[in-house]
Each structure stands twice: as C-alpha cells, then as structure tokens.
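**Q** Dropping a structure here in structure tokens format, bear with me for questions.
The values are calculated or read from the model by the stated rules, or taken from the named source; none is laboratory data. Treat the numbers as computed from the prediction; the structure is a model and nothing was measured. Neighbour counts run over all protein chains shown; Cβ positions are idealised from the backbone, glycine included.
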Amino acid sequence: MTTKEIKEKLEVLVDPATNKTLGETAAIKHVGIDPEKKIVILIIAIAKTGGDEEKQLRREIAKICKLDLGFNGVKVQFEEKRKIESIANRNIKFIIVSSGKGGVGKSTVACNLAYALKRKNRKVGLIDADIYGSSVPQILEMKHQYPSANAQGKIIPFEAFGIEVMSTAFFAEPGKPVIWRGAMLNSMMNNFFYEVNWSPDLDYMVIDSPPGTGDIALDLRTIVPDAEVIIVTTPHLAASNVATKAGVAARQLKHNIIGVVENMSYYINPVNGQKDFIFGSGGGDKVAMELDSEVIAQIPINQPKHHLSLYESDEEVGKIYDDLAALLIIQE
C-alpha cells in the first residue's frame, strides 16, 4: 500500500462543514506511513476544526485506514483551511499601533504610517481593530458602505489612498454604537484576518488596535504572534504612564516593540517660530526609558494642507512620517 493509494482512498470522504470531498478541496496536505508501528500519518485541512464535524471525519478516516486498508492505527492532524490560506500565514510584516488610552491620536498615526509606506511603494493593508472607537474610515475620508463578497464568499476590502482597508464601521449602521461582548469581538477579528480577500502581494499590514489591554490584544497575539508594536503617547505624563502599561502588556504577549511615537509633541508658534509644549514634555522619553526602547518620532500639532487628517511629503509632518516609514523599511 503506497501513500498515493491511501490518498486516493481518503479523497472520496466528505468534509461535513462544506459537503465537498477532500479531493475537491485538496484537503490532504500530507500522507505518511510509519512502517514499524504500521500506522498512517495525515495532515488534513478542513473548513472547521473541533466540534462534531471533525469527530465524524476522524471516525471515517480511521475506518478506512484500519478496517479497509489494514493499518494498526492512524494519526491525524487537522488544520483549519481558512487559517492556512489567510493573510496571517503569509510573509507580511504586521505592525500593531497601540496606546494605553484613547485620545492620543493613535488612529491618526496608524493611518499616516500606512499612507507613508504606500508613498514608498509598499503594498499596504490597514485593519481598524479599534472596535468601539472606530475612526479609520473618517480619517481616510471614506463614505460608509457595506462590504460585499467575491465568488468564493470572501469579503472584499475597500481601498482609500491606495491602501486596502477593513473596519468594523463598515458592518455597523452609521452613527450607531457597537455594543459587543468578547466572543463577538473575537469573531470580528477572525473575520478580518481569515475571511477578507486581501491582495496576495501585501508587504505590510498596519493594525490600529484599541486602547488598553483587553480581549482584542489577546486575540491579536493568537492570530499574529510575530507582530511588532509601536506605542503612541502624548508628552503629558498622565498619558505616558498609561502608555507604559500598554508597552508592558505588549512585552508580556511576546511582541517586539519597535519604538515610541510621541504625538502632539509640540506646536510651532507662528509668531516667533518657537516650539510651544502645550501638553508638557518628556512623556515619550519616559515611556521609551521604562520600556528600554527609544522615541522614533515626535509628531507636532498641525493641520494637514491637503486632506482631513493625512499628511503629504511636502509637509513637515508628512516628512516625519516618511522617516518613520523608512525606519520600518530598513528593518525589512
């Protein structure tokens, strides 16, 4: 009995979750034989792992291998097909933009970082994971639309300024709050990574995470364990104290911290051209010191010339974001 013959015998089995055969979905990823123990070793990708569907398929596989083919046993490793084929399983650099509290401009930093990477000819996606305080579509000047799906049932991401975008705001009614518990948050995060038809050639995925250290931070650790984190704070020491906690949480979740961005760092007084430190100073340096990291950008208070919240390369703030993007690209 060869592995090819075993595969042919198993390919007629039906995945109960899809009602398609394992042959139709190319589900059998590996077939091996342990000649000493006389057992079959399998890796199979199915639509849904766990539950009654997997148990049923496991019994049918065991029946064929043991009763029909005469093996002593079978070892099956089931993998979830959508996870194998998802963006989370590609060679993409995931950047989580995090903060300890709201109101520090985290989403603005995430959007401008994505836009700066796009200006440097990188293919960029942007996930708005700030479920309760979603603002990415507004920052990117996007009109509310409900998502559509392709022929395979995958969600088609929207595009703005050359960036592929997905946000909870597209699934909710305009102006209505999102009132969800943890299980629904987890489901939405899974959809963003496993059910969206992201372009296959993305270089970066920027993730605008919610402030704090709740359920979504844990979900992101599970889905993209190799993500890197940028911590956003303001110069005010009250904000920096909370930002430090977000950084400590990132470390506990085994994420690498790229550095600290101090937003609203200062204001250039138009009268004398001097820096006015409206929100105090030292917050970014304090966070960086406590996290054994560094301040990688200080963003002044300013109003974009060309857009609602995005800066272009011909603006001083735009140049700062270009430098930040260049820092990430150097690390590729």
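**Q** Where in the stretch 216-332 are there helices (runs of 4 or more DSSP H), lying wholly inside it, with at least 2 residues that are among the β-branched types (Val, Ile, Thr)?
**A** The qualifying helices (runs of 4 or more DSSP H) are 237-252, 316-330.
**Q** Against the conditions (1) in contact with a Phe, Trp or Tyr (Cβ under 6 Å, 6 or more places away or on another chain); (2) of a type outside the set (A, V, I, L, M, F, W, C); (3) within 30 Å of Phe279 (Cα to Cα), where does Ser99 fall short? Just the number, please.
**A** (1)
**Q** Could you tell me whether any residue of the stretch 144-164 is touching a residue at least 24 places away in the same chain (Cβ under 8 Å), assigned to a strand (DSSP E or B), within 25 Å of Pro304 (Cα to Cα) and outside the structural domain of Lys37 (by TED's automatic domain parsing)?
**A** Yes; the residues of the stretch 144-164 include at least one that is touching a residue at least 24 places away in the same chain (Cβ under 8 Å), assigned to a strand (DSSP E or B), within 25 Å of Pro304 (Cα to Cα) and outside the structural domain of Lys37 (by TED's automatic domain parsing).
**Q** I need a count of the residues in the stretch 113-132 that are more than 19 Å from Glu332 (Cα to Cα) and surrounded by 21 or more Cβ atoms within 10 Å (Cβ to Cβ).
**A** Within the stretch 113-132, the subset more than 19 Å from Glu332 (Cα to Cα) is 127-132.
After this cut, where a residue has to be surrounded by 21 or more Cβ atoms within 10 Å (Cβ to Cβ) as well, the list is 127-131.
The qualifying residues number 5.
**Q** Scan the stretch 44-100 for residues that are within 30 Å of Leu126 (Cβ to Cβ) and in a helix (DSSP H, G or I) and report the count.
**A** Total meeting the criteria: 7.
**Q** Filter the stretch 217-239 for residues that are closer than 14 Å to Val97 by Cβ and touching a helix residue (DSSP H, G or I) at 6+ places or on another chain (Cβ under 6 Å) and give the result.
**A** Our first condition is that a residue be closer than 14 Å to Val97 by Cβ; within the stretch 217-239, this holds for 217, 220, 224, 227-233.
Passing the criteria: Val224, Val229, Ile231, Val232, Thr233.
**Q** For Ile87, are the conditions met, namely being closer than 20 Å to Asn191 by Cβ, touching a strand residue (DSSP E or B) at 6+ places or on another chain (Cβ under 6 Å) and either surrounded by 21 or more Cβ atoms within 10 Å (Cβ to Cβ) or outside the structural domain of Ala227 (by TED's automatic domain parsing) (or both)?
**A** It is false that Ile87 is closer than 20 Å to Asn191 by Cβ, touching a strand residue (DSSP E or B) at 6+ places or on another chain (Cβ under 6 Å) and either surrounded by 21 or more Cβ atoms within 10 Å (Cβ to Cβ) or outside the structural domain of Ala227 (by TED's automatic domain parsing) (or both).
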